């Protein structure tokens with residue numbers, strides 16, 4: 001799955017940062033709406049559903065992009081346990097970004113709700129009506145959201161660790177392109193230390 | 001590709017970086033916790049409202065946390081096309097829309113006697129041919145006691161039975177009403193209201209305002225109510241000593257033929273309050289008869305088709321929208337919480353309440 005390239009392809013980087021914003025927004029919208037009885041509940045719910053379907057579509061596109069443009073290899077000297085953690089957390093992120101919208105969609109279907117993405121755009125049900133399935137899927141949606149949030153925290157923490165402490169080019173491989181990397185000043189570190197060019 | 005100098009230096013050099021990483025993670029977690037309500041314990045949440053309903057009347061596994069006692073009905077809405085001038089919803093085109101409904105009485109106890117409250121409720125789920133739905137929950141009084149979710153919660157809290165007496169503390173109830181003059185209209189209604197002998201003879205009001213949107217996008221604030229064709233005092237069934245006389249009466253009437261209501265839609269004028277369910281609109285507002293609600297069959301809620309429906313008033317078809325009434329999103333949010341609790345109980349998920357057998361009649 002990896003290759004000789006040093007950085008992620010442009011489509012991969014665009015999709016990564018776009019989806020990072022969307023998924024993080026989605027997590028906050030989700031916990032916010034279920035904890036609110038104000039008008040926020042209604043308008044957050046109206047954003048939550050179409051945004052979830054958009055994430056589902058982009059996640060499929062992203063998988064295709066990943067297969068076509070394999071990501072750069074992790075640093076050779078990265079300890080094996082960190083490599084394992086990196087690979088496991090990335091696959092967990094992929095699984096969750098695909099599963100969460102599908103679970104949400106199936107959950108509304110099982111609850112007998114029309115799956116409305118707007119005032120008039122309706123998706124067909126993908127699960128038979130069943131209160132038991134609704135309850136199970138609704139709880140899964142909540143617990144998987146917590147797992148996604150924790151995985152996101154680990155991912156963000158690890159990215160900063162690579163960028164600020166190891167300075168091994170892992171973070172910059174998702175921030176900058178192959179050619180421009182040599183010319184552009186690092187952007188992710190604003191402290192006194194700047195990231196040296198890591199390529200030979 | 002890895003810069004050796006970075007790892008060869010003592011870790012002390014990275015203290016600032018570690019602190020920065022920890023700070024970024026901590027701020028993200030803190031923000032998440034605040035938005036999710038865990039770090040904002042005073043925010044009114046759906047959970048707190050439903051918990052309070054359970055505190056007041058107990059937990060009855062598998063049942064709705066409010067309006068717990070009820071029966072399912074099925075039938076259709078026969079539109080005459082008159083409301084089409086104001087709403088593009090398919091349900092208002094001339095013709096029939098099938099529905100699954102539910103009659104109920106307020107309160108969280110599914111075994112409460114029908115005479116315990118003077119209010120009856122009607123909920124409907126109309127299923128349009130295009131797959132969109134209109135769900136509505138209506139009550140048999142023209143105004144709601146309070147206008148905000150917080151006041152509703154405070155009222156529940158004031159009415160929580162005192163463990164010593166098993167009854168609400170009159171002083172707390174009086175203090176609540178004194179602090180909430182907007183309850184006056186409801187209290188005036190409640191003073192003369194008697195528990196009716198039948199679901200069939202009641203008017204049912206939407207209470208909350210909604211917005212009709214026509215095919216050109218023009219918006220019109222509305223309220224609606226169901227007006228019964230049946231006007232008699234009650235059926236000939238002897239209901240003395242029967243705590244479930246409403247269900248018996250309904251079944252008896254439906255065995256003789258369908259029951260009908262007219263859907264009357266009241267059109268607001270500029271300045272009429274759309275965000276205050278405690279205030280009626282002036283009586284001279286134009287009203288349109290949008291069609292006839294026809295109910296044909298009834299079934300017990302334990303096995304009927306209404307059991308697994310959440311009558312969320314914000315499940316609306318294109319052409320009907322929520323108004324700025326703050327009760328609407330709170331109803332939607334609290335109903336969703338109640339629905340998750342009772343479906344979780346149906347699924348026997350760990351940590352959920354276990355169903356109790358119906359208590360013997362005393």
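Take the Cβ-Cβ distance between residue B:251 and residue A:47 as r, set R0 to 56 Å, and report the resulting FRET efficiency rounded to the nearest 0.05.
Step by step, r from the Cβ atoms, then E = 0.80.
Rounding to the nearest 10 and keeping the result within 0 to 90°, find how far the Cα-based axis of helix A:131-160 lies from the longest principal axis of chain A.
20
Using a ≥ b ≥ c from the Cα gyration tensor of the stretch B:129-237 (square roots of the eigenvalues), is it rounded, prolate or oblate, where a/c under 1.5 gives rounded and otherwise the larger of a/b and b/c decides, a/b for prolate? Let's see the in-between values first.
Working: a/c = 2.35, a/b = 1.40, b/c = 1.68.
Cα axes put the stretch B:129-237 in the oblate bin.
Using a 10 Å cut-off around each Cβ, can you sort A:47, A:165, A:23 from fewest to most neighbouring Cβ atoms?
A:47, A:165, A:23
What angle do you read, to the nearest 10 degrees and between 0 and 90, between the alpha-carbon axis of helix B:46-57 and the longest principal axis of chain B?
Taking the Cα atoms of chain B, the angle to B:46-57 is about 50 degrees.
Compute the distance in nm between two label points, each set 7 Å from the Cα along the Cα-to-Cβ direction, one at residue A:150 and one at residue A:67.
Result: 3.1 nm between the two label points.
Thinking of the stretch A:62-161 as a set of Cα atoms, what percent of all their pairs are more than 22 Å apart?
48
Round to the nearest 10 and give me the degree value, 0 to 90, for the angle of helix B:245-255's Cα axis relative to the longest principal axis of chain B.
The angle comes out near 60 degrees.
Could you line up A:49, B:191 from fewest to most neighbouring Cβ atoms inside 10 Å?
B:191, A:49
On a full-extension model of 0.36 nm per residue, what is the gain between residue B:358 and residue B:303, subtracting their alpha-carbon distance, rounded to one decimal in nm?
18.3 nm
So the label point goes 7 Å from the Cα of residue A:5 along Cα→C-beta, right? Which residues of the stretch A:67-102 then have their backbone N under 13 Å from it?
A:67-73, by backbone N distance to the label point.
Checking the a/c ratio against 1.5 first, then a/b against b/c, what shape does the Cα gyration tensor give for the stretch B:69-327?
Because a/c hits 1.5 or more and a/b fails to exceed b/c, the stretch B:69-327 counts as oblate.
What do you get when you divide the Cα radius of gyration of chain A by 2.2 N^0.38 Å, with N the number of residues?
1.18
Sorting B:344, B:87 on the 10 Å Cβ count, fewest up front, what's the list?
Lowest to highest Cβ neighbour count: B:344, B:87.
Quick one: if the Förster radius is 35 Å, what FRET efficiency do residue B:51 and residue A:60 give, using the C-beta to C-beta distance and rounding to 0.05? Walk me through the intermediate numbers first.
Working: r = 40 Å, r/R0 = 1.15.
In this case the efficiency is close to 0.30.
Does the protein assembly as shown classify as rounded, prolate or oblate by the C-alpha gyration tensor (a ≥ b ≥ c root eigenvalues; a/c under 1.5 gives rounded; else a/b over b/c gives prolate, otherwise oblate)?
Values: a/c = 2.51, a/b = 2.13, b/c = 1.18.
It comes out prolate by the Cα gyration axes.
What spacing in nm lies between the two simple spin-label points modelled at residue B:164 and residue A:81, each 7 Å away from Cα in the Cβ direction?
Placing both labels 7 Å beyond Cα along the Cβ direction yields 6.0 nm.
If r is the Cβ-Cβ distance from residue B:194 to residue A:40 and R0 is 45 Å, what FRET efficiency results, to the nearest 0.05?
Efficiency, from the Cβ-Cβ distance: 0.65.
Quick one: Cα centre-to-centre distance for the stretch B:98-116 and the stretch B:21-67, in angstrom?
Comparing the Cα centres of the stretch B:98-116 and the stretch B:21-67, I get a distance of 27 Å.
For labels at residue B:179 and residue B:349 in the simple 7 Å Cα→Cβ model, what's the distance in nm?
Output for this residue pair reads 3.4 nm.
Read-outs: derived from the displayed coordinates by stated rules, not from any lab. All figures in this text were calculated on a predicted structure; none of them were measured in a lab. Using ideal geometry, Cβ is built from the backbone for each residue, glycine included, and neighbour counts are taken over all protein chains shown.
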